[in-house]
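Contents: one structure, followed by commentary.
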Amino acid sequence: MLTLETMKTLYFDCFSGISGDMTIGALLDLGLDFDYLKSELNKLPVEGYALSAGRVTRSNLSAMKFDVVMSNGEKHRQHKHDDQHDHHHHHGHEHEHKQEHSPEHEHFHRKASEILMMIRDSNLNANTKRIASEIFTKLAISEGNVHHIAPEDVEFHEVGAVDSIVDTVGAAVGFDALGIERFLCSAINVGSGFIHCQHGVFPVPAPATADLLRHATIYQKHVQTELVTPTGAAILAAVVNRFEAMKGFVVDRIGYGAGSKTFPDFPNCLRLMVGEEGEASVESSPPGKVIVIEANIDDMSPQNFGYVTEQLLAAGALDVVTIPIQMKKSRPGHLLQVLAPPDIADALSRIVLQETTTIGIRRHTADRVILDREFVEVDMESGKVRIKVSRMDGEVVNAVPEYEDCARIAREKSIPLKRVQLLAVTAYMSGKGK
């Protein structure tokens, strides 16, 4: 039967938003080795920082707190970023005090294109490079959109650049090390209120963050502050396959990454869950449930229906029928109707959209009542024929010889097909079935 293998899946539970440091904290809590993370980040030509990680509690919940500390002892996330193109006006999770940059950092910038080249030219493995580049590219595109400049020309202040590089590459190192194949994400609590930065006062979520969360489900609850940072949003935008509530997911390990801020009676943490997610097989899908996929088609060559039917059946459709219908403006057309096991309904829907001229399909779930079936083989003088026997409450209600078996004998022996079929049923009824 049709089955799809389970995949190692990471589920982002963003009940208190997400930032780069929270993501890495949660990955460390899940088992990412801290020394391995440091050695991988050392493959980049970035200096003047150290990493720290330790256990903290947030509303009585134990979590890992990850930080990047400048060589002068100050935490990156506690700086005030003055560059107008710097995407990180770190607020919310990543802001406790504001301090001015030290003079040696005042005018040092790195362009997004330089940072991407640095990642590409490093000795990191191909998967880590791919993920990190995707995250950083998303970040640069959103900043470019907000400031109306080309993504590659987005400039990062030295402190913000180191911060962004560590967060994006560190997250990529973690995802790669844990062998994650699929990423899912809950609805995201973005916080509320307003943030103050160099450009003025902005509503939460900040413009770059809002730009990155366009395909996610977001809400505002519990606290009046920014809960999602641009880096956190960029991680989600780059890796998440589906933004939806958890379903069919077996959790193996859970990790908590702490944010910088603490709230009364509300744990400011990101929860990451790692487990196996697999589409249910045909056998394990709800008994009797089937997805009906339908399309009305009035502008396709009739011979193409044969081809699309073959494709659908080969891909696992339970049944495919084409019904002549009268459409609007008295046009003759066809209703294509496909019965699909729930686990492959999406794949079959794609075939219908690719192989027919329809521009839309309808899908609904139907209950299917089916009889218990088995094949019984009968021996006749002219050859063997399989009989499909259907039972209800143990009683036989149908016994039908397989067409292909009967047709083969009819051709070989030059006997009328309906005579072979009659002989096969007679043989079954007289108890010759095995």
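The values are calculated or read from the model by the stated rules, or taken from the named source; none is laboratory data. These figures come from a predicted structure and were not determined experimentally. Neighbour counts run over all protein chains shown; Cβ positions are idealised from the backbone, glycine included. Remember, those area values only see protein heavy atoms, side chains included, never the ligands or the DNA or RNA. Shrake-Rupley method; radii C 1.70, N 1.55, O 1.52, S 1.80 Å.
Here are a few things to note about the model shown:
- Odd one out for ALA171 among (1) modelled with pLDDT under 95; (2) under 30 Å from GLN224 (Cβ atoms); (3) of a type outside the set (Val, Ile, Thr): (1)
- Among the residues listed as ILE370, ILE387, ILE323, the single one being touching a Pro at 6+ places or on another chain (Cβ under 6 Å) and β-branched (Val, Ile, Thr): ILE387
- Among the residues of region 414-434, the one identified as touching a residue at least 12 places away in the same chain (Cβ under 8 Å), surrounded by fewer than 16 Cβ atoms within 10 Å (Cβ to Cβ) and within 10 Å of MET380 (Cβ to Cβ) is LYS432.
- Tally, over region 305-333, of residues that are more than 16 Å from LEU348 (Cα to Cα) and either surrounded by 15 or more Cβ atoms within 10 Å (Cβ to Cβ) or within 37 Å of the chain's Cα centre (by Cα) (or both): 2
- Taking region 187-211 as the range and being surrounded by fewer than 19 Cβ atoms within 10 Å (Cβ to Cβ), part of a loop (DSSP other than H, G, I, E, B) and not hydrophobic (A, V, I, L, M, F, W, C) as the test, the residues that pass are SER192, GLY193, GLN198, HIS199.
- Out of LYS138, LYS129, sole residue that is open to solvent by 60 Å² or more (accessible area, probe 1.4 Å), at pLDDT 90 or above and in a helix (DSSP H, G or I): LYS138
- Neighbours by Cβ (under 6 Å, 6+ apart or cross-chain): first from region 184-204, among the hydroxyl-bearing types (Ser, Thr, Tyr); second part of a strand (DSSP E or B) and buried (at least 20 other Cβ atoms within 10 Å of the Cβ): SER186/ASP13
- Residues in region 113-126 that are open to solvent by 50 Å² or more (accessible area, probe 1.4 Å) and part of a loop (DSSP other than H, G, I, E, B): ASP121, ASN123, ASN125.
- Residue ID - farthest from SER142 (Cα to Cα), chosen from residues in region 170-180 that are open to solvent by 10 Å² or more (accessible area, probe 1.4 Å) and assigned to a helix (DSSP H, G or I): ALA177
- Failed item, numbered, when PRO287 is tested on (1) modelled with pLDDT of 85 or more; (2) loosely packed, with under 14 Cβ neighbours inside 10 Å: (1)
- Qualifying residue in region 155-169 (condition: crowded, with 17+ Cβ neighbours inside 10 Å and more than 23 Å from GLY48 (Cα to Cα)): no
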